Amino acid sequence: MNYVGNLDIEMYKCITENITTDEVIITNERIEHIIERRGQEFYDTYGPFLKGCGKM
C-alpha cells in the first residue's frame with residue numbers, strides 16, 4: 001500500500017457518514033492496473049501527483 005494523502009471527512013459527510021478513516025491509499029495492484037489500462041507514460045506523467053506513490 002502506498003500513502004496518498006488524507007481526506008477532509010467533514011467535506012464528504014454530505015455523501016456518506018460511513019467513512020472510517022481519513023487516510024487515502026493506493027495499492028500496488030491498482031498502480032499496475034492503471035499502467036495496464038493507461039500505459040506507463042500516463043503513470044509516469046500523473047503518478048508523481050500521488051504523494052508517496054511508487055511502483056512495485
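Taken together, the values in this text are just the output of simple stated rules run on the coordinates, not laboratory data. As the structure is a computational prediction, the values presented were derived from the model and not from experiment. Here the Cβ is made from the backbone with ideal geometry for all residues, glycine too, and neighbour counts use every protein chain on show.
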- Show me 39-46, 12-19 ranked by packing, highest mean number of other Cβ atoms within 10 Å first. 39-46, 12-19
- Spin-label model distance (nm) - Tyr3 vs Thr20, 7 Å beyond Cα toward Cβ: 2.0
- Note on the structure: Projected onto the charge dipole of region 2-49 (unit charges on the beta-carbon of Lys, Arg, Asp and Glu, signs +1, +1, -1, -1), the Cα from Thr20, Pro48, Asn6 with the largest positive-side position is that of Pro48
- Arg30 to Asp44: extension gain in nm, 0.36 nm per residue of separation minus the Cα-Cα distance? 3.6 nm
- Message: For the chain, what does the relative contact order come out to in percent, with C-alpha contacts under 8 Å and a separation of six or more?
- Response: 46
- Item | Angle between the chain longest axis and helix 28-38 axis [Cα atoms, degrees, rounded to 10] | 60
- Which residues' amide hydrogens lie under 5 Å from the amide hydrogen of Leu7, considering only partners 5 or more residues apart or on another chain, with H built in the peptide plane? Glu23, Val24
